[in-house]
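Just below is one structure, and these are the notes that go with it.
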Amino acid sequence: MADSSLPCLIFFFVLFNLSATLTAQAFTGTYGINYGRIANNLPTPDKVVTLLRAAKIKNVRIFDFDHSVLQAFSGTGLELVVGLPNGYLQNMSADAGSALSWVKENIQAFLPKTQIVGIAVGNEVLDTNNRESWGYLLGAVKNIYNATKKLQLADKVQITTAHSQAVFSDSYPPSSCVFNDDVAQYMKPLLEFFSGIDSPFCLNAYPFLAYMSDTQNIDINYALFLSNDGIVDNKTGLHYDNMLDAQVDAAYAALEDAGYNNMEVIVTETGWASHGGQNEDAATVENAKTYNYNLRKRLALKKGTPYRPKIKLKVYVFALFNENQKSGATSEQYYGLFKADGSISYDIGFPGLKSSSAESSLWSLKFIPRLLQL
C-alpha cells in the first residue's frame with residue numbers, strides 16, 4: 001500500500017532545503033579584512049584589488065559605498081560588505097523610499113559583477129555619545145532589509161550591524177556577560193529582527209584595547225595568543241588561553257541571557273596597532289606582528305571557541321592599511337597590515353605591492369601554505 005504522506009514529506013524537505021539556500025551569508029571564509037580609507041595617501045582601488053588577490057583575501061569589508069571602490073571590485077570574485085555610515089541612519093529610518101533608492105543606486109546597480117554580499121547598517125551605533133542615533137538603528141535596518149526584499153536581493157545580500165564591547169557589562173569571566181541596561185531596550189528588538197532574518201551578531205573585539213585598559217592585571221601573552229596560564233571560567237569550567245576567544249564567548253553569553261542561543265557571533269574588527277603615542281607602550285611593530293600572525297594561525301585551524309566549539313570563528317582583521325587621517329589616539333593611524341605605499345608593515349606571510357624593508361619572510365614560511373587556504 002502506498003504511503004500517502006510521502007509526497008508531503010518530499011515537498012517539506014524540498015521547501016526546507018530551498019529556504020536554507022535562500023539565506024544570505026556575507027562571510028563565507030574565516031579570514032577577512034577591513035579596507036578603511038580615512039587617509040590621503042592610499043593606493044588606488046584597482047591596486048588594492050591587486051593586493052587583496054595576491055594575498056588571497058576574499059572577504060572584504062568597507063565602511064562606506066564609494067562607487068570607485070565598488071567598480072574596482074567588479075569581476076574580481078572578491079566578496080564585499082558595504083557600509084552605510086552612521087550619518088545616514090536617521091534618514092533611512094524615517095523614509096523607506098530613501099532606503100529603497102539607496103539600495104537601488106549603491107547595491108543593485110553594481111550587482112552581480114561586483115559581489116556585494118552584505119550591507120553593514122551603521123557601525124558601533126549603540127555605544128556612541130550621540131544617543132539620539134540609537135533610536136534610528138532598528139528602523140534603518142528594517143527599511144534597508146525591506147528594500148533588498150522588494151528588489152529581490154534579500155537572498156543574496158545579508159544585513160548586519162557591528163557592536164563594540166561597550167554594549168556589554170560584566171564580561172569577565174565570559175559566562176557572566178550581559179548587555180548593558182541602557183542599551184538593552186534597543187538591543188533586544190534589534191536581535192529579534194536579526195534572528196528572524198538569520199543574521200549574525202557582529203562584534204568589534206580588540207584584545208589590544210582591553211590590555212591597554214588594564215595592563216596590571218592582564219597578561220600580554222594572553223592577549224597576543226602566546227603561551228600563558230590563561231583563565232578558567234568557574235561557572236562553565238572552560239579554559240581560555242587567549243583573550244579573543246574569551247571576548248567572543250562573552251558575546252555568546254550575553255546573547256544567551258537575552259534569549260538568542262542560536263545566533264552566530266562574527267568578529268567584524270580586531271587588530272593590534274604597530275605604533276602609538278604616550279601611554280600606548282604596547283603598540284609596537286613586534287606586538288602587532290605577533291598578534292596578527294598568531295591570529296592567522298588560530299583561524300587556519302577553522303575551529304570554534306570553547307563555548308561554541310562547533311561554530312568556526314570568522315574574523316575581519318582591522319585593517320588593510322595605516323590611515324593617516326584618523327582622529328583620536330596616535331595608535332588609530334597604525335593598525336594596517338600594509339603601509340600606505342603598499343609595502344608590508346611587518347611580515348606575517350603576505351606579499352606587498354612593492355618591496356619592503358621589513359625583515360626576512362623566513363619567520364612565517366612554515367605556515368604560508370596552510371594560511372593561504374583561509
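Once backbone amide H atoms are built at 1.01 Å from N, G32 has V315, Y316, V317 as its partners under 5 Å, excluding neighbours fewer than 5 places away on the same chain.
Simple rule: put +1 on each Lys or Arg Cβ and -1 on each Asp or Glu Cβ in the stretch 57-184, find the dipole, and look at F110, L100, V81; the Cα lying farthest toward the positive end is F110.
Over the stretch 217-295, the pair-distance histogram of Cα-Cα distances with 5 Å bins from zero comes to 3, 13, 19, 21, 19, 12, 8, 4, 0 percent, rounded to whole numbers.
Within the stretch 130-238, the proportion of Cα pairs with more than 22 Å between them is 48 percent. Think of it as helices only: each DSSP H run of n ≥ 4 in the chain is worth -39500 (n - 2.57), and spread over all residues that comes to -10500 deg cm²/dmol at 222 nm. Each residue, K310 and S327, gets one label point 7 Å from its Cα in the Cβ direction; the gap between the two is 4.7 nm. Accessible surface for the chain, divided over its residues, is 46 Å² per residue with a 1.4 Å probe. Evaluating 6.51 cos²θ - 1.76 cosθ + 1.60 at θ = phi - 60° for every residue in the stretch 81-95, the Karplus couplings come out as 9, 9, x, 9, x, 4, x, 8, 5, 4, 5, 5, 6, 7, 9 Hz, glycine and proline recorded as x.
In this structure the amide hydrogen of F168, modeled in the peptide plane, comes within under 5 Å of the amide hydrogens of N180, none closer than 5 places in sequence on its chain. Once all protein chains are placed together, M212 keeps about 50 Å² accessible to a 1.4 angstrom probe. The I38 and A94 beta-carbon pair, evaluated with R₀ = 25 Å, returns a calculated FRET efficiency of approximately 0.35. Every Cα-Cα pair in the chain was counted, and those over 28 Å apart are 46% of them. Taking the protein heavy atoms of the chain in the context of the full set of protein chains, the accessible area attributed to carbon and sulfur is 51 percent at 1.4 Å. Treating r as the C-beta distance of D241 and S169 and R0 as 35 Å, the FRET efficiency rounds to 0.90. State whether the stretch 23-136 is rounded, prolate or oblate according to the following rule on the C-alpha gyration tensor (a ≥ b ≥ c being the square roots of its eigenvalues): a/c under 1.5 gives rounded; otherwise a/b larger than b/c gives prolate, and the remaining case gives oblate. Prolate, because a/c is 1.5 or more and a/b exceeds b/c.
Rounded to the nearest 20, the Cβ-based charge dipole of the chain about its Cα centre (Lys and Arg +1, Asp and Glu -1) stands at 1500 debye.
The packing ranking of peptides 274-281, 54-61, highest mean first, is 54-61, 274-281, where packing means the average number of other beta carbon atoms within 10 angstrom of each residue.
Look at the dipole of the chain built from charges on Cβ: of I344, I220, V315, the Cα furthest out on the positive end belongs to I344. If R0 is 30 Å, the Cβ-Cβ spacing of D341 and N146 corresponds to a FRET efficiency of close to 0.10.
The values are calculated or read from the model by the stated rules, or taken from the named source; none is laboratory data. These figures come from a predicted structure and were not determined experimentally. Methodologically, a virtual Cβ is constructed for each residue, glycine included, from the backbone with ideal geometry; neighbour enumeration extends over all protein chains shown. Areas reflect the complete protein model, heavy atoms only, side chains present, ligands, DNA and RNA absent. Shrake-Rupley method; radii C 1.70, N 1.55, O 1.52, S 1.80 Å.
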